[in-house]
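Engineer: Below: one structure in structure tokens.
The values are calculated or read from the model by the stated rules, or taken from the named source; none is laboratory data. Treat the numbers as computed from the prediction; the structure is a model and nothing was measured. Counting neighbours? That spans all protein chains shown, and the Cβs are built from the backbone with ideal geometry, glycine included. The area values use the complete protein model at the heavy-atom level, side chains included, leaving out ligands, DNA and RNA. Shrake-Rupley method; radii C 1.70, N 1.55, O 1.52, S 1.80 Å.
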Amino acid sequence: MEKKRNHMPLFLQAGLLFGLKTYIVYRFIFQIDIDNLMQEVILFINPFITSIIFFGLSIWLQTTKKQLLFIRYSALIGTIIIYFNLLFYRSFTDFLTIPQLFQTSNLTDLSSSIFSLIKPFDVLLFVDVVIIWYICKKREAIVRFFYGKRHKVFALVISLLLLSGNFLLAEMERPQLLSRAFDREYLVKNIGIFYYHLYDVAMQSKMRTQKVLADDNDLLTIKGYINDEIRSKEESGLFGIGKGRNIIFISAESIQSFVINNEVHGEAVTPFLNSLVDDPNTFYFENFYHQTSQGKTSDSEFITENSLYPISSGAVFFTHAQNEYHSMPEIMKKKDYQSVVLHANTNSFWNRNQMYESLEIEQFFDKEFFDVTEENEIGWGLKDKEFFTQSIPYLRELEQPFYAKMITITNHFPFELNEGDRSIEPYDSNSNTLNNYFPTVRYTDEAIEQFFIQLKAAGLYDNSMIIIMGDHDGISANHNKAMAMYLNKEEITPYDYMQLQRVPFYIHIPGYGEGKKMSKIAGQIDIKPTLLHLLGIETNHDIYFGNDLFHDDRKGYIVQRNGNFVSDEYVYASEICFDRETGEVLAAESETTNQVTPCSPIKEKVEKELTYSDQIIYGDLFRFIDFETE
Ligand code: GP9
Ligand code: MN
């Protein structure tokens, strides 16, 4: 490979040095959570693979001089990139993104504090660069490198193999890592900081192109459609009954409706939520569907706050956090409501820190605000009971009226719970996921019950409306067999599966007294108009795809992101059209694709609605509207 002496190729030396440095930075300087051995392995191999591949590119350059220049400057620039991320991380516990670079507020924050972020030992970060420069200099004088075609092809094949190996492991560790893009820390942990930046650049350019091509003409059609097909013509009878009350919105992780008024080993799964169903101060919606896609909790938040659909691949919280929105918090703000979120997870998860700014959520009480210890956390973090307890002081300090969203976490896959926190025994089936689901659901049920008591003690109960919503399903189709056993069915058909997408939704209005069970179909898309109307805020010029749930004049169907839907009369799932009442198949898959079936008219509307919502998001169309003057 080299003409004079048999040195280890320089790109390999540089790659090993730079890789080692990067690993040390990932492992010991960024506080990246490592949950298992696989993550540890990926975190270790990725820096070496990345830097050897990158420095290896030098062999394609013709002269030794150019090769050495490439290696030197790559080491320097690579280190600067890591260092900028490190400074940013010290300030925000997050990694840089392209939009952030252009977000002046972030950078002003950073530049004012930059000196406090620089630490003396940071110079150590450049040690490998100095060594690499030194070796390059020394070698330049004595060695000539020449790489033949065979070497180049060999290097290319090895690089591609290593790269695929890394991505394969990452995909095994976190399925759909790239398409779901749920957290920058996960991306960096699995594919490394450099590929993360490349990925970010690619994503951002794709978004930008779609945005550039959009114009406000698209909006006319959309507005017309909403006025004709969706918006209820007059206010509901309950308009304004909650005027001035605080809204305390509990987003209950992974709770599905099938647990409500159901049992395991003869014991009620959710005694408290069951009691609320019959409570005279509560409206309980028994046919309420989640409408989330890959963005899971973040999608449920997106739909709730905007009454728009999430996107079909990836998380809109991640991909379109810089858009203009006309969110519920923004609208409430004009009526002097302060909007906050409480959730004991890192603020970058689901890109909440950025998206919340666009949604005009004024404060995010994230993990930093909670005292999380080894004893009080399980699974994904702070236990729900602790979370609610520690939230009360923050709620008390808020200026009223407020809208506070509380996001629980204990009932998250894989549904772990300590013995001591377990009030009911797991179910008994071939699915541990389903088995363990019941005790954690019960735990959250108890946490909510306790929270109601705490709210009363804090004097926050009487003047609030308390909303409880399951964010999305917790038991996926992988557990259909066990689920069929639990529900005493032979199998879970697409019809049953659709019905399993129901999540509980409660509107609890202390002192109201005329609550009842609501049976008409409803979904997360309806929350924004419903809550705003309860507060007495009209939405005549807003753009949204849901209806006030206290209105009879509604569009009459609930759409899922994949095009499935439930209407008053039909269920459309896996391209089969079912009778909603009986579950009978009205048109099989082969018929629904090319024939007119009872589901066709709604299917057409569903497709239109999803397209319009996508157009709004991809084209960032709300930037063309001044909702104030509409
Ligand atoms: C994480 C929480 C759970 O902060 O919202 O996320 P999920 O996996 O349910 O989307
Ligand atoms: Mn969730």
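Engineer: Filter the stretch 296-313 down to the residues that are under 14 Å from N562 (Cβ atoms) and of a type outside the set (S, T, Y), then identify the one that is farthest from ligand 1 (Cβ to nearest atom).
Structural biologist: I311
Engineer: Between residues in the stretch 16-43 that are free of Cβ contacts under 8 Å to residues at least 24 places away in the same chain and residues that are part of a loop (DSSP other than H, G, I, E, B) and open to solvent by 10 Å² or more (accessible area, probe 1.4 Å), which pairs lie under 9 Å by C-beta distance while being six or more apart or on different chains?
Structural biologist: Listed pairs, sorted by first residue: R27/I34; E40/I34.
Engineer: Considering (1) in a loop (DSSP other than H, G, I, E, B); (2) open to solvent by 40 Å² or more (accessible area, probe 1.4 Å); (3) farther than 22 Å from N345 by Cα, say which one M485 fails and leave the rest.
Structural biologist: With respect to (1) in a loop (DSSP other than H, G, I, E, B); (2) open to solvent by 40 Å² or more (accessible area, probe 1.4 Å); (3) farther than 22 Å from N345 by Cα, M485 is out only on (1).
Engineer: Shifting gears a bit: For the stretch 422-464: of the residues being modelled with pLDDT under 95 and part of a helix (DSSP H, G or I), which is least open to solvent (accessible area, probe 1.4 Å)? Let's see the steps before the verdict.
Structural biologist: Restricting attention to the stretch 422-464, the residues satisfying the condition of being modelled with pLDDT under 95 are 430-433.
Those left that are additionally part of a helix (DSSP H, G or I): 432-433.
On the way: N432: 108, T433: 21 Å².
My answer is T433.
Engineer: How many of the residues in the stretch 299-327 are in a helix (DSSP H, G or I) and modelled with pLDDT of 95 or more?
Structural biologist: The initial filter retains those residues of the stretch 299-327 that are in a helix (DSSP H, G or I), namely 299-306, 316-319.
Add one more test, that the residue is modelled with pLDDT of 95 or more, and what stays is 299-306.
Residues that pass the stated criteria total 8.
Engineer: Would you confirm, using the coordinates I've provided, whether E140 is at pLDDT below 90, in contact with a Leu (Cβ under 6 Å, 6 or more places away or on another chain) and open to solvent by 30 Å² or more (accessible area, probe 1.4 Å)? Steps first, answer last, please.
Structural biologist: On the way: at pLDDT below 90: yes; in contact with a Leu (Cβ under 6 Å, 6 or more places away or on another chain): yes; open to solvent by 30 Å² or more (accessible area, probe 1.4 Å): yes.
Answer is yes for this residue.
Engineer: Next up: Let me confirm something: among I466, I409, I492, which residue is within 16 Å of ligand 2 (Cβ to nearest atom) and not hydroxyl-bearing (S, T, Y)? So that I can check it myself, show each step before the final result.
Structural biologist: Numbers: I466 fails: within 16 Å of ligand 2 (Cβ to nearest atom); I492 fails: within 16 Å of ligand 2 (Cβ to nearest atom).
Just a single option satisfies the conditions, and that option is I409.
Engineer: Right, next: Inside the stretch 434-475, can you point out the residues that are without any contact (Cβ under 8 Å) to a residue 24 or more places away in the chain and over 21 Å from Y394 (Cα atoms)?
Structural biologist: N436
Engineer: Moving on. Considering the stretch 465-482 alone, what residues qualify as being over 26 Å from the mean Cα position of the chain (by Cα) and either open to solvent by less than 30 Å² (accessible area, probe 1.4 Å) or within 16 Å of ligand 1 (Cβ to nearest atom) (or both)? It would help to see each step written out before you state the result.
Structural biologist: Step one: of the stretch 465-482, the residues over 26 Å from the mean Cα position of the chain (by Cα) are 481-482.
The answer is A482, and nothing else.
Engineer: Right, something else. Tally time: how many residues in the stretch 345-364 are touching a strand residue (DSSP E or B) at 6+ places or on another chain (Cβ under 9 Å), open to solvent by less than 10 Å² (accessible area, probe 1.4 Å) and not in a helix (DSSP H, G or I)?
Structural biologist: Of the residues in that region, 1 qualify.
Engineer: Going through the stretch 252-265 one residue at a time, which ones are part of a loop (DSSP other than H, G, I, E, B) and within 16 Å of ligand 2 (Cβ to nearest atom)?
Structural biologist: First pass over the stretch 252-265, keeping only residues part of a loop (DSSP other than H, G, I, E, B): 253-256, 260-262, 265.
E253, S254, I255, Q256 - these are the residues of the stretch 252-265 that are part of a loop (DSSP other than H, G, I, E, B) and within 16 Å of ligand 2 (Cβ to nearest atom).
Engineer: While we're here: So for the stretch 328-337 (the condition being in a loop (DSSP other than H, G, I, E, B) and within 16 Å of ligand 1 (Cβ to nearest atom)), does at least one residue qualify?
Structural biologist: No.
Engineer: Next up: Report yes if some residue within the stretch 47-57 is free of Cβ contacts under 8 Å to residues at least 40 places away in the same chain, small (G, A, S) and either crowded, with 20+ Cβ neighbours inside 10 Å or touching a helix residue (DSSP H, G or I) at 6+ places or on another chain (Cβ under 9 Å) (or both); otherwise report no.
Structural biologist: Yes, that holds for at least one residue.
Engineer: Continuing with this model, one more query. Before we move on, is F249 open to solvent by less than 30 Å² (accessible area, probe 1.4 Å), modelled with pLDDT of 95 or more and either within 16 Å of ligand 2 (Cβ to nearest atom) or not in a strand (DSSP E or B) (or both)?
Structural biologist: Numbers: open to solvent by less than 30 Å² (accessible area, probe 1.4 Å): yes; modelled with pLDDT of 95 or more: yes; either within 16 Å of ligand 2 (Cβ to nearest atom) or not in a strand (DSSP E or B) (or both): yes.
In short, yes.
Engineer: Shifting gears a bit: Since G244 meets every condition but one in (1) within 16 Å of ligand 1 (Cβ to nearest atom); (2) of a type outside the set (D, E, K, R); (3) not assigned by TED's automatic domain parsing to the domain that holds L531, which condition does it not meet?
Structural biologist: With respect to (1) within 16 Å of ligand 1 (Cβ to nearest atom); (2) of a type outside the set (D, E, K, R); (3) not assigned by TED's automatic domain parsing to the domain that holds L531, G244 is out only on (1).
Engineer: For the stretch 58-101, give me each residue that is surrounded by 19 or more Cβ atoms within 10 Å (Cβ to Cβ) and either among the small types (G, A, S) or in a loop (DSSP other than H, G, I, E, B) (or both).
Structural biologist: Scanning the stretch 58-101 gives S58, S74, A75, G78, D94, F95, L96, T97.
Engineer: Any residue at all in the stretch 401-415 that's open to solvent by 70 Å² or more (accessible area, probe 1.4 Å), touching a helix residue (DSSP H, G or I) at 6+ places or on another chain (Cβ under 9 Å) and under 21 Å from E375 (Cα atoms)? Can you show your working first?
Structural biologist: Residues of the stretch 401-415 open to solvent by 70 Å² or more (accessible area, probe 1.4 Å): 413.
Keeping just the survivors that are touching a helix residue (DSSP H, G or I) at 6+ places or on another chain (Cβ under 9 Å) gives 413.
This time we only want the ones that are under 21 Å from E375 (Cα atoms), so: 413.
Yes - at least one qualifying residue is present in the stretch 401-415.
Engineer: From K528, K516, grab the single residue that is modelled with pLDDT of 95 or more and over 29 Å from the mean Cα position of the chain (by Cα).
Structural biologist: On the way: K528 fails: over 29 Å from the mean Cα position of the chain (by Cα).
Unique residue meeting the criteria: K516.
Engineer: Which residue pairs have Cβ atoms under 8 Å apart, sit 6 or more places apart or on different chains, and have a first residue in the stretch 291-309 that is more than 10 Å from K528 (Cα to Cα) and within 13 Å of ligand 2 (Cβ to nearest atom) and a second that is assigned to a loop (DSSP other than H, G, I, E, B) and aliphatic (A, V, I, L, M)?
Structural biologist: These pairs meet every condition: S293/I311; Q294/A315; G295/I311; G295/A315; K296/A315; S298/A315; D299/A315; F302/L308.
Engineer: Separate question: Can you name every residue in the stretch 500-513 that is open to solvent by less than 30 Å² (accessible area, probe 1.4 Å) and within 28 Å of the chain's Cα centre (by Cα)?
Structural biologist: Initially, the stretch 500-513 is screened for residues open to solvent by less than 30 Å² (accessible area, probe 1.4 Å), giving 500-501, 503-510.
Listed by number, the residues that qualify are L500, Q501, V503, P504, F505, Y506, I507, H508.
Engineer: Any idea which residue in the stretch 225-246 is surrounded by the fewest Cβ atoms within 10 Å (Cβ to Cβ), counting only those that are out of contact with any Ser or Thr (no Cβ under 8 Å at 6 or more places or on another chain) and outside any loop (DSSP other than H, G, I, E, B)?
Structural biologist: D228
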